[in-house]
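The values are calculated or read from the model by the stated rules, or taken from the named source; none is laboratory data. Just so you know, these numbers come straight off a predicted model, no measurement behind them. Reconstructed Cβ throughout: ideal geometry from the backbone, glycine too, with neighbour counts over all protein chains shown. The accessibility values were calculated without ligands, DNA or RNA, using every heavy atom of the protein model including side chains. Shrake-Rupley method; radii C 1.70, N 1.55, O 1.52, S 1.80 Å.
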Amino acid sequence: MSSVSVVIPCYRYGHFLEQSVGSALTEQDGVDVKVLIIDDASPDDSAEVARRIAKSDSRVEVLVHERNKGHLATYNEGLLEWADGDYTVLLSADDRLTPGALVRAAALLDANPNVGFAYGHPLHFRADQPLPPARTEGRGWSVWPGRWWLERRFKAGHGCITSPEVMVRTDLQRKLGGYDPRLPHAGDIEMWMRFAAHADVGYLKGVDQAYYRVHSASMSKTDFSGQLDDLRQRKAAYDAVLERASELTAAERERLGAIVHRKIARQALWRAARAYDRGRTAQVPVDELVAFAAECWPHYESLREFAGLSLRRRIGPKAMPYLQPLILTAVAHHARERLWWRTWRRTGV
């Protein structure tokens, strides 16, 4: 039977702990599970709640910080210093696992020693709403070459994992390290890509592996002024992967860097353009987003997002929200016309 170490960091989320810990210990028959709750010097009763849970179940341990160390240091403490099972899961105190999630992920990793981590679909839910029903009968799994998965992430320019839906092979975690302290808001993106550079990636098809709670204390701050910070952190994460990826040739690093820098430049310009669509140019740092796009991709003015932004600037932020539907309709029509012309030239029909 495979063993799984579940690390649950907690800061002021003691009122969620019973649900989080319970999801890791119940309806997970088939794996040997143990849990560590790390309270990062919460000012409320979270430590007392954690100790009470541990007292009632020998599979649960508790570590309480005397001073706050921050989330990444707390994560790494559990992942790199405490976890000793075959596999490791990091589960935030306000999130939950779905029934059988650990069993399904461990089965994938057991059957595929070349896979470094496995993940599935997370269900997002709001704190004020009931849990949505989870799919627990899967359709098997996919195993992707790590380099292929890594390139997909560079082409997308963003992560595809929230965190609680992932199970990592513990020896790979220790070999490659944990969260990069230089990346407080994008450390997870960088870590998954770092793993993919060394091992294959597994995906559980047709099942929901975790519940990810969406509320004011956990949502990513990507609106308005935070949009630029989000993009800077994302670029730093990709640059850190390229810096560390000694397995990649210089040509591969240059090619991947060009792919993601162009993609992030497009995202920055799109966010600037959307500020005009929404009448938010006073709140969104449009000029800084454009400057960041230029920093990412010297040829940013040739991108279609820049053309769209230039049009919006000429129209102006006051009129643009009213004209947006007309412009988007015209753009869609133009795209259809271009597609028809290309098809006609190729087929003659």
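Table for the structure above
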| read-out | value |
| --- | --- |
| In segment 213-254, residue modelled with the lowest pLDDT [restricted to those that are among the charged types (D, E, K, R) and open to solvent by 70 Å² or more (accessible area, probe 1.4 Å)] | Lys221 |
| Flag if Ser310 is modelled with pLDDT of 90 or more and open to solvent by less than 40 Å² (accessible area, probe 1.4 Å) | yes |
| Options Ala93, Ala105: the member that is open to solvent by less than 20 Å² (accessible area, probe 1.4 Å), on the phi < 0 side of the Ramachandran plot and either modelled with pLDDT under 95 or out of contact with any helix residue (DSSP H, G or I) (no Cβ under 9 Å at 6 or more places or on another chain) (or both) | Ala105 |
| Per-region count, segment 158-180, residues without any contact (Cβ under 8 Å) to a residue 24 or more places away in the chain and open to solvent by less than 40 Å² (accessible area, probe 1.4 Å) | 1 |
| Selection within segment 108-135 - in contact with a strand residue (DSSP E or B) (Cβ under 7 Å, 6 or more places away or on another chain), over 17 Å from Ile161 (Cα atoms) and open to solvent by 50 Å² or more (accessible area, probe 1.4 Å) | Asn114, Arg126, Ala127, Leu131, Arg135 |
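A quick yes/no check of all residues on (1) in a loop (DSSP other than H, G, I, E, B); (2) open to solvent by less than 10 Å² (accessible area, probe 1.4 Å); (3) modelled with pLDDT under 95:
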| residue | (1), (2), (3) |
| --- | --- |
| Met1 | yes, no, yes |
| Val7 | no, yes, no |
| Ser23 | no, no, no |
| Asp29 | yes, no, yes |
| Ser42 | yes, no, no |
| Ile53 | no, no, no |
| Leu63 | no, no, no |
| Gly78 | no, yes, no |
